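To start, the structure itself, in structure tokens.
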Amino acid sequence: EEEGLVVKIPYRGAFVVEVSAREVAEIDSVRLHVEPYAAELSAEALRGAERPQLLGTVEDLRRAMEENDIPASIDAHLRFHRLFYDLSGHGVLQGMWNGWETKLRLYLSVDHRTYSDNPQQLVVEHERLATVALEGDTDAFRQELAAHFPMGLRAQSGDHGERAPRPV
């Protein structure tokens, strides 16, 4: 309820609030600016002891996509992005990701067209993001991230409605 994912309506019950495409687009528009910074701050760790963890999330994503395991692919996808925030050592960035992750997971779980349209493309995008992150090229990371988000960023201008809450 504190995260805005459950709303209690007196005499009716508790409901899960669906996250709109617009809300995800707004999150992505902020991520486009802060995630490259998180990647920059985490670059040293990712080029060192944490490199296998980054590459492992990409491999987990690949395997989940090949097996058409949507929950596992969503988990690997979000773990990949979480790494940059966690390894940044920056509390505010970590807090931002923590506030977004549940909403992103909920949205992707309900509306996972990203995965069904071209699953191999999602893996390729994460491979490219990992490559430029390991190279420490913040500008290239930002460009790859923008290519990773286009549907969500376009939805920001197109989907103005909020979805109705679903019963818990």
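A few notes on this one:
- The amide H of residue 18, built 1.01 Å from its N in the peptide plane, has 166 as neighbours under 5 Å, considering only residues 5 or more places off or on other chains.
- Calculated Rg and Dmax of the range 51-108 using C-alpha coordinates, Å: 12.0, 36
- Cut-off 12 Å between beta-carbons: net charge of the residues surrounding residue 66, Lys and Arg +1, Asp and Glu -1: -2
- The slack in the chain from residue 69 to residue 55, taken as 0.36 nm per residue of separation less the alpha-carbon distance, amounts to 3.1 nm.
- Cut-off 11 Å between beta-carbons: net charge of the residues surrounding residue 88, Lys and Arg +1, Asp and Glu -1: -3
- Rounded Å value of the spacing that divides the Cα centres of the range 17-77 and the range 90-106: 12 Å
Just so you know, all these numbers are worked out from the coordinates, no wet-lab data involved. Everything numeric here is computed off the predicted structure, so don't read it as measured data. With ideal geometry, Cβ positions are generated from the backbone for all residues, glycine too; neighbour counts draw on all protein chains shown.
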